[in-house]
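The values are calculated or read from the model by the stated rules, or taken from the named source; none is laboratory data. Quantities reported herein were computed from a predicted structural model and do not represent experimental measurements. Because the Cβ atoms are built from the backbone with ideal geometry, glycine has one as well, and the counts that use them run over all protein chains shown. We work out accessible area using only protein heavy atoms, side chains counted, and drop any ligands, DNA or RNA first. Shrake-Rupley method; radii C 1.70, N 1.55, O 1.52, S 1.80 Å.
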Amino acid sequence: NIEATLTSVYQYGYYDDASNDNGQSINDKGRASFALDVQGEIKPGRRDTLYALASFAQGNGLKNTGGVSVAANADDLEDDVKNINGRNRDYLLEAWYRHQLVDSRAISVAVTGGLIDAARYLDHNRVANDEITQFMNEVFVTRFFLPSYDTGIAIQTKGDNWHVDATWMHTQTDSNRNGGVDYDFFGVDLAYFANLPFGDGHYHFVAQTTSNDFIDRNEAGGHASINGLSVSMDQEIGDGFAVFLRAGGSNNEATELVHDSLYSAGFQIEGHRISVPKLVVGVAYAYLDGAGKQPGDIRHTRVLEAYARYPLASFSDISADVQWISDEVREEHNPRLWVIGTRLNLYF
């Protein structure tokens with residue numbers, strides 16, 4: 001099986017009191033980006049799966065413009081798909097083999113190894129999870145605090161209304177910050193699925209930690225790990241309406257962390273609830289605490305986003321999206337950014 005998605009995005013940003021890394025003021029501007037994701041799956045046996053995902057992109061949109069601390073488009077764009085995690089690997093995001101060890105009515109156990117994405121196994125959310133079809137800002141996407149596209153192993157255990165997923169990855173931080181740091185990541189997701197009278201609900205409890213390879217912001221010459229706990233839930237409330245909540249925090253010792261906690265909530269409503277069949281509307285708000293306490297560090301960040309998605313055909317949809325991003329920087333300026341955007345998807 002081979003599938004592909006072509007995503008084109010145009011976003012126009014209105015910057016207020018925002019500057020780039022060189023301290024220069026950022027003018028209002030519009031940027032476009034194009035991304036082609038191609039995934040293939042082969043099943044050599046009933047319990048075996050070979051999978052690969054490659055992404056090809058043109059343009060970075062507003063992602064590298066700077067000005068604010070979070071990206072208005074979480075998709076993997078031109079710079080993201082080159083030299084991935086400092087490994088001198090381009091375009092190939094995932095490539096793994098999965099074997100089903102146990103497959104019964106009561107329980108199933110599967111083991112996956114290769115180039116993996118931790119977000120495939122941890123912190124799922126049906127309302128705020130996918131930057132291609134749902135919210136575009138990275139704070140509403142599962143990958144925001146999780147590593148992606150590197151060597152790892154995942155173990156998935158599923159029962160009737162629960163699952164436990166555990167992940168290990170050996171990866172590297174952004175090489176543009178501190179020259180890149182190799183580290184080990186460990187994560188566990190405990191999930192429970194509830195079939196309530198007013199709708200289905202999914203509840204995830206996630207714990208994660210890393211090796212002691214990060215620079216300690218509080219101790220000169222010291223090293224720190226990153227440890228965190230979070231909860232992610234989505235709940236249907238009647239037909240065509242669902243809410244989500246995501247909250248989590250971590251220790252703030254590592255200099256790699258810009259934010260050490262996230263609180264977000266929102267809803268998704270389907271068009272038949274508002275007499276516009278096929279339309280999907282989502283609205284969400286997020287508040288993030290900054291990790292650093294020094295002048296120039298982020299004190300907190302707030303994000304508000306709304307999108308409306310409408311299918312043009314069975315193989316295409318279009319979205320309108322608006323975002324407001326606000327940083328409060330310690331003892332400095334407080335940048336703001338309004339983003340108005342469109343997104344067109346073609347599915348093959």
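Could you look at the chain and say what percent of its accessible area is carbon and sulfur, using a 1.4 Å probe and all protein chains?
54
Divide the volume of the convex hull around the Cα atoms of region 139-250 by the residue count and you get 115 Å³ per residue.
Solvent exposure of residue 226, expressed as accessible area, is near 30 Å², computed with a probe of 1.4 Å over the protein chains only. Here each label is just a point 7 Å from Cα along the line to Cβ, and for residue 64 and residue 315 those points are 3.2 nm apart. Computed with a 1.4 Å probe on the full set of protein chains, the accessible area for residue 87 sits at about 70 Å². With a Förster radius of 25 Å applied to the C-beta separation of residue 89 and residue 32, the computed FRET efficiency comes to 0.45. Working note: Karplus 6.51/-1.76/1.60 with θ = phi - 60° gives region 5-16 the couplings 10, 9, 10, 10, 10, 10, 10, 10, x, 9, 9, 10 Hz, where Gly and Pro are set to x. Can you classify region 204-334 as rounded, prolate or oblate using the Cα gyration tensor, where a ≥ b ≥ c are the square roots of its eigenvalues, rounded means a/c under 1.5, and otherwise it's prolate if a/b beats b/c and oblate if not? Since a/c reaches 1.5 and a/b is larger than b/c, the shape of region 204-334 is classed as prolate. Summarising the label geometry, the points placed 7 Å from Cα in the beta-carbon direction at residue 2 and residue 56 lie 1.1 nm from one another.
Per-residue accessible area (protein heavy atoms, 1.4 Å probe) orders 168, 96, 338, 324 as 338, 168, 324, 96, starting from the largest.
Mind giving me the FRET efficiency for residue 101 and residue 289? R0 is 35 Å, r the Cβ-Cβ distance, nearest 0.05 is fine. Present the calculation step by step, with values, prior to reporting the outcome.
Working: r = 40 Å, r/R0 = 1.16.
So the FRET efficiency works out to roughly 0.30.
Between residue 212 and residue 334, what FRET efficiency comes out of the Förster formula 1/(1 + (r/R0)^6) with R0 = 41 Å and r the beta carbon distance, rounded to 0.05?
So, using R0 = 41 Å, E works out to roughly 0.75.
Taking 305, 219, 256 as the candidate residues, the one with maximal mean-square fluctuation in a Gaussian network model of the chain, Cα springs under 10 Å, is 219. Dipole magnitude for the chain: computed about the Cα centre from +1 point charges on Lys and Arg Cβ and -1 point charges on Asp and Glu Cβ, it is near 720 debye. Comparing Cα centroids, region 98-152 and region 246-301 end up 19 angstrom apart. Each of 128, 338, 13 was scored by the projection of its Cα onto the charge dipole of the chain, and the greatest displacement toward the positive side belongs to 128; charges sit on the C-beta of Lys, Arg, Asp and Glu. Taking every lysine pair in the chain that is 8 or more places apart or spans two chains, those with Cα atoms closer than 28 Å amount to 5.
Summing Cβ point charges (Lys, Arg +1; Asp, Glu -1) relative to the Cα centre of region 1-132 gives a dipole of roughly 620 debye.
Treating only the Cβ of Lys, Arg, Asp and Glu as charged (+1, +1, -1, -1), what charge dipole size does region 116-211 show about its Cα centre? Round to the nearest 20 debye.
Rounded to the nearest 20 debye, it is 100 debye.
Our analysis of region 1-117 gives Rg over Rh at 1.14, with the two radii drawn from alpha carbon positions and Rh computed by the Kirkwood formula.
Ranking 142, 272, 205 by how far each Cα lies toward the positive end of the dipole of the chain (charges on Cβ) leaves 272 at the top. Rolling a 1.4 Å probe across the protein heavy atoms gives region 1-154 an accessible surface of 45 Å² per residue.
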